[in-house]
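Below you'll find the structure, written out as structure tokens, and then a few comments.
The values are calculated or read from the model by the stated rules, or taken from the named source; none is laboratory data. Small disclaimer: the values here were computed from a predicted structure and weren't measured. Positions of Cβ are generated from backbone atoms using ideal geometry, with glycine treated the same way; all protein chains shown enter the neighbour counts. Only protein heavy atoms, including side chains, enter the accessible area calculation; ligands, DNA and RNA are left aside. Shrake-Rupley method; radii C 1.70, N 1.55, O 1.52, S 1.80 Å.
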Amino acid sequence: MSAIIDPHAGDDAGTCGFTLVEVLVILAILILMAGIVFPSVEKAMRRQSFVGAAKRVELGLRAARAAAVAGGVPVRFAAVSDGHGFRFADRDDRLPDGVTIAMPGRGIRFFADGSATGGEIEISDGQLRRRIAISKTLGTAEGRQ
């Protein structure tokens, strides 16, 4: 018996690969799928960015209240002048592009006993909006849609 292996045995020169038409059809299908998928991905990413910004504002409010109680002095939570961030005590935080924050007058003031001036803060990106109400007596923040 002979153990000779022919590497070219069984090859048909005319049946290897894809035709140009097959490649173009596959590319067209991929482009159509990308056109359907990418806008929804972008929308989901935008929404996630907005939700993250709203959570940062809420955490900032809680941190400002905690700083007032721990330090025994009033702490003011206010929007920065361009509305794209907030400030309290010695901390500044910027919100993502397109997200703005609006609040009453000079902001919300938290007192050493945990109470606050109260009010409502609105976070918006033009399409999405979230409101956070601050209780006067407890100084707590409660998110609303």
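When the chain is treated as a GNM with alpha-carbon contacts under 10 Å, the residue of Ser49, Ser81, Ser115 showing the greatest mean-square fluctuation is Ser81. Against the main long axis of the alpha-carbon atoms of the chain, helix 20-71 sits at an angle near 20°. Using a cutoff of 8 angstrom between alpha carbon atoms and counting only pairs six or more residues apart, the relative contact order for the chain works out to 16 percent. Between the C-alpha center of region 86-145 and that of region 43-65 there is a gap of 11 Å.
Counting every Cα pair in the chain, what percent are over 21 Å apart? So the portion of pairs separated by more than 21 Å is 58 percent.
For Val51 and Leu20, what does the FRET efficiency come to when R0 = 41 Å and r is the distance between their Cβ atoms, rounded to the nearest 0.05?
Computed FRET efficiency for Val51 and Leu20: 0.35.
On the chain, 60 percent of the accessible area sits on carbon and sulfur atoms, based on a 1.4 Å probe.
Loop-located chymotrypsin sites (Phe, Trp or Tyr not before Pro) across region 18-84 with a Cβ neighbour count of 13 or fewer within 10 Å are Phe18, with loop assigned by DSSP.
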